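Novice: Here it is, the structure in full.
Laboratory data are not the source of any read-out in this text; all were calculated from the coordinates shown. All values derive from a computational prediction rather than experimental measurement. Note that each Cβ is placed from the backbone with ideal geometry, even for glycine, and that neighbours are counted across all protein chains shown.
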Amino acid sequence: MIGVVNPAPNSFVLLQVGERRFALPANKVAELAPPVRLHQFPHTSPLLAGVIVRRGHIVPVYDAGRVLAGEMLSAHRFYLIARRNFDKTAELSAIPVKGECELAIGEMQPRLSERPAYVRGELTVGEETIDVLDFEDLVNSQGAGGDGSGVTEAHP
């Protein structure tokens, strides 16, 4: 999957992190890439797992499992590469995903107030309610645990 060309405003990519499924707006997703070598280096950013080289670009990889599932993801099948915006500049960033990804269309409902800031809303797919993630807030939630660890409680 190399990005979603002209995605509908109500289309989402469903992804699996840990044992749960989440959604990202399809217009944020650039690519679903196979696992490649993760280059690690000394750093102090809690969620940064390392970087991958994809299509000639260095792409930071964030271990979203620490925030979303409360655990580091040691096994994954793909990297979901998404666009992040910094002022007027876009940058690619990746998160490891465990299972297959799929495209879904639906109306996102507003976020409940008790949900973390990185949850934009909810999407109902069949009988399942799936949290829709705000990719920028997710990656920036490194201190979300309150203890500086970057780990926060997983919400069912």
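Novice: Just subtract the alpha-carbon distance of residue 55 and residue 83 from 0.36 nm times their residue separation and send over the number in nm, one decimal.
Specialist: The residue 55-residue 83 span can extend by a further 8.6 nm.
Novice: Which number do you get for Rg(Cα) / (2.2 N^0.38 Å) in the stretch 11-143?
Specialist: After normalising by residue count via 2.2 N^0.38 Å, the value is 1.00.
Novice: Once you place label points 7 Å from the Cα toward the Cβ at residue 140 and residue 71, how far apart are they in nm?
Specialist: Each label point is offset 7 Å from its Cα along the Cβ direction, giving 3.0 nm.
Novice: Another question, if that's okay. For the stretch 1-110, state which GluC sites (Glu not before Pro) are in a DSSP loop and have at most 16 other beta carbons lying within 10 Å of their beta carbon.
Specialist: Those satisfying the criteria are 19, 71, 100, 107.
Novice: Amide H neighbours of residue 98 under 5 Å, at least 5 residues apart or on other chains, H built in the peptide plane: list them.
Specialist: Correct list: 16, 17, 18, 77.
Novice: Starting from the stretch 70-144, pick out the trypsin sites (Lys or Arg not before Pro) whose DSSP state is loop and whose Cβ has at most 10 other Cβ atoms within 10 Å.
Specialist: Sparse-neighbourhood loop trypsin sites (Lys or Arg not before Pro): 88.
Novice: Residues of the stretch 76-108 with backbone nitrogen within less than 18 Å of a virtual label 7 Å along the Cα-to-Cβ line of residue 117, please, listed as ranges.
Specialist: Under 18 Å, as judged by backbone N against the label point of residue 117, lie 84-87 of the stretch 76-108.
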